[in-house]
1. All but one of (1) of a type in the set (Ser, Thr, Tyr); (2) surrounded by 15 or more Cβ atoms within 10 Å (Cβ to Cβ); (3) more than 14 Å from the chain's Cα centre (by Cα) hold for THR153; state the number of the condition that does not hold.
2. Could you check how many residues of region 179-207 are within 15 Å of ligand 1 (Cβ to nearest atom), under 16 Å from the mean Cα position of the chain (by Cα) and either more than 19 Å from LEU117 (Cβ to Cβ) or not small (Gly, Ala, Ser) (or both)?
3. So in region 37-83, with the set limited to residues that are surrounded by 15 or more Cβ atoms within 10 Å (Cβ to Cβ), part of a helix (DSSP H, G or I) and more than 14 Å from the chain's Cα centre (by Cα), which one is farthest from ligand 3 (Cβ to nearest atom)?
4. Among the residues of region 240-262, which ones are within 16 Å of ligand 3 (Cβ to nearest atom) and among the small types (Gly, Ala, Ser)?
5. Please go through region 240-266 and give me each residue that is outside any helix (DSSP H, G or I) and either under 11 Å from LEU211 (Cα atoms) or away from ligand 1 (no atom under 13 Å from the Cβ) (or both), ordered by number.
6. Just to be sure I understand, how many residues within region 142-163 are of a type in the set (A, V, I, L, M) and either assigned to a helix (DSSP H, G or I) or within 16 Å of ligand 4 (Cβ to nearest atom) (or both)?
7. Spot the failing condition for VAL94; the list is (1) surrounded by 18 or more Cβ atoms within 10 Å (Cβ to Cβ); (2) among the hydrophobic types (A, V, I, L, M, F, W, C); (3) over 20 Å from ILE135 (Cβ atoms), and only one is missed.
8. For region 181-195, enumerate the residues that are under 21 Å from VAL47 (Cβ atoms) and either more than 16 Å from ligand 3 (Cβ to nearest atom) or in a helix (DSSP H, G or I) (or both).
Amino acid sequence: AAKEAGRSQFRFYDPNMQYAARERRRLSKDLLGALDNNELLLHYQPVVDLDTHQVVKAEALIRWKHPEKGFVSPAYFIPFAEDSGMIISIGEWVFRTAADQLAKWHRSGFTQFQVGLNVSPVQFRGEGLNETEWIAYLAQLGLPGSAIVVELTERMLIDASNVTSDKLLAFRDAGIQVALDDFGTGYSSLAYLRKMDIDFLKIDQSFVRNLSTHSEDLVLCEAIVVMAHKLGLKVIAEGVETVEQRDLLAGIGCDYGQGYLFSRPIPADDFTTLLRSGLSACEHTNGK
Ligand code: C2E
Ligand code: MG
Ligand code: MG
Ligand code: MG
């Protein structure tokens with residue numbers, strides 16, 4: 001019996017799993033100090049108009065530079081930050097840091113430039129972000145609401161409560177724009193498109209990865225673009241890595257592209273250089 005119990009429990013002692021669990025606990029503990037220790041930073045990735053090839057927006061992407069482990073992926077640490085509630089203070093920091101940076105870009109003449117922020121569903125709950133404070137902060141910086149795009153996931157719209165809708169409505173009233181991120185990976189997208197006031201769809205990179213002339217993914221991307229345009233939304237394709245993908249997307253009328261072809265996410269100062277010198281300079285270094 002003991003042997004059997006031992007065998008059936010074997011998977012609980014999988015050293016890799018145990019290591020992963022310990023690692024997770026440690027990292028989530030370390031994350032508590034990350035803000036105070038200045039270990040968080042934002043990188044910015046350009047969003048390019050596929051007609052004019054101009055950089056018209058950036059997406060702010062958080063980076064955590066752990067003192068021993070180096071860069072830890074947000075895909076890994078954002079979930080703990082959500083579980084512990086730390087995402088609220090991290091999200092405030094992301095908003096203020098990105099807004100401060102955007103105000104600098106506006107002051108240096110890029111007055112139409114927009115920054116997209118990823119906002120967690122946890123921030124859209126009652127004890128989450130204070131929409132009035134966010135709007136006041138933009139006003140204090142002299143930024144129009146329309147300079148900010150909040151990127152939401154379909155998951156958030158699926159379990160949207162009244163509080164979530166109220167916060168979104170206040171944002172909309174202030175001119176803040178809304179993008180639906182990772183579009184196509186959720187499941188109830190179409191109903192929510194009708195119900196919510198959204199400005200941009202971001203086609204998930206999984207649809208872009210294998211784009212080729214006769215691919216089903218091209219058919220899907222085209223259908224998304226046609227539907228979005230009929231609903232009055234603009235489309236951003238994520239994960240554009242090749243010239244072929246860019247050209248196919250431009251060919252089906254996709255409005256914007258974002259991906260390593262144009263540039264990886266980069267620090268704010270490098271982004272300023274990119275804005276000044278234009279994309280052609282960066283296409284040489286990042287293009288494949
Ligand atoms: P996302 O919002 O969908 O961001 C796009 C992700 O795709 C980013 O990963 C970006 O670096 C990556 N990417 C961009 N171009 C390419 C490409 O051409 N090829 C490939 N393979 N990947 C590309 P990253 O920076 O690791 O962020 C992962 C996710 O973490 C984000 O997905 C977002 O959901 C979340 N995240 C990032 N920053 C924040 C934040 O400030 N707050 C919150 N709540 N979540 C964040
Ligand atoms: Mg995003
Ligand atoms: Mg995405
Ligand atoms: Mg176009």
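The values are calculated or read from the model by the stated rules, or taken from the named source; none is laboratory data. This one's a predicted model, so the numbers in the text were calculated from it and none came from an experiment. A quick note on method: Cβ atoms are made from the backbone with ideal geometry, for glycine too, and the neighbour counts reach across all protein chains shown.
1. Only one criterion in (1) of a type in the set (Ser, Thr, Tyr); (2) surrounded by 15 or more Cβ atoms within 10 Å (Cβ to Cβ); (3) more than 14 Å from the chain's Cα centre (by Cα) is unmet by THR153, namely (3).
2. Within region 179-207, residues that are within 15 Å of ligand 1 (Cβ to nearest atom), under 16 Å from the mean Cα position of the chain (by Cα) and either more than 19 Å from LEU117 (Cβ to Cβ) or not small (Gly, Ala, Ser) (or both) number 14.
3. So the residue we want is PHE80.
4. Listed by number, the residues that qualify are GLY257, GLY259.
5. Selection gives VAL240, GLU241, THR242, ILE252, GLY253, CYS254, ASP255.
6. Total satisfying the criteria: 5.
7. Looking at each condition in turn, VAL94 falls short on (3).
8. SER189, LEU193
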